[in-house]
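Student: Sharing a structure with you now.
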Amino acid sequence: ARLSAVANRLTCGAVHIRSSRPHLRAPARRLSIRTMATEAAVEPSNPFVQYVVIRKDLGQGLGWPLGSICAQAAHAAVAAVWEHKDHPDTQAYCAPDAIDGMHKVVLEVKGETQLVNLGKKLEEAGVAYKLWYEQPEDYPTCLATRPYRKDEVSALFKKCNLAKGLIAQ
């Protein structure tokens, strides 16, 4: 279905580029086959999503500041994208015409055991991810997937909660 959608678009000629920023909207122009394929791959109801899972105990139990936890999430997310930079889904997720529409879902698990177990579950399901280890302590702090279509992997994260309340008051 995707290939036929791309083929149909190739015969249409000019395509307007949509932007969430009207003042940056580009005029109508001919797009390359690669750009059209990327644009056709963007499905609002089933977007590419990168899942990032952090340990809740880092903030609440171990007293890590929010900035340090955010750094762990950023390390894992960037590493997962970089390690899978040649995958077509990663390329579509990071394409210049899709960069402003990135989707990330940041979830939390109770602690190290749950994070490692989630990694094993993802591995068994064939999901590519990066488990980030804090150095020099060498313990896992965060996990991030490469970009996937939401419906491909969302069921694997059903037991995780949206991240919130990480800072102890």
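The values are calculated or read from the model by the stated rules, or taken from the named source; none is laboratory data. This is a predicted model, so every value here is computed, not measured. Accessible surface is based on the protein model in full, side chains and every heavy atom, while ligands, DNA and RNA are left aside. Shrake-Rupley method; radii C 1.70, N 1.55, O 1.52, S 1.80 Å.
Student: Express in nm, to one decimal, how much length is gained between Leu62 and Lys150 on full extension, taking 0.36 nm for each residue of separation and deducting their alpha carbon distance.
Tutor: Gain in length upon complete extension: 28.5 nm.
Student: Which pairs, out of Lys130/Lys164; Lys120/Lys150; Lys85/Lys158; Lys56/Lys164, put more than 18 Å between their alpha-carbon atoms?
Tutor: From Lys130/Lys164; Lys120/Lys150; Lys85/Lys158; Lys56/Lys164, over 18 Å: Lys130/Lys164; Lys120/Lys150; Lys85/Lys158.
Student: Please list Ser45, Ser154 in order of solvent-accessible area, largest first, computed with a 1.4 Å probe with all protein chains present.
Tutor: Working: Ser45 110, Ser154 30 Å².
From most exposed to least exposed: Ser45, Ser154.
Student: With a ≥ b ≥ c the root eigenvalues of the C-alpha gyration tensor of the stretch 84-169, is it rounded (a/c under 1.5), prolate (a/b larger than b/c) or oblate? Could you put the intermediate results ahead of the total?
Tutor: On the way: a/c = 1.61, a/b = 1.50, b/c = 1.08.
It comes out prolate by the Cα gyration axes.
Student: Turning to a different aspect of this structure: Largest first, what is the accessible-area ranking of Tyr139, Tyr148 with a 1.4 Å probe? Write out the running numbers ahead of the final one.
Tutor: Numbers: Tyr139 55, Tyr148 15 Å².
Ranked list, largest accessible area first: Tyr139, Tyr148.
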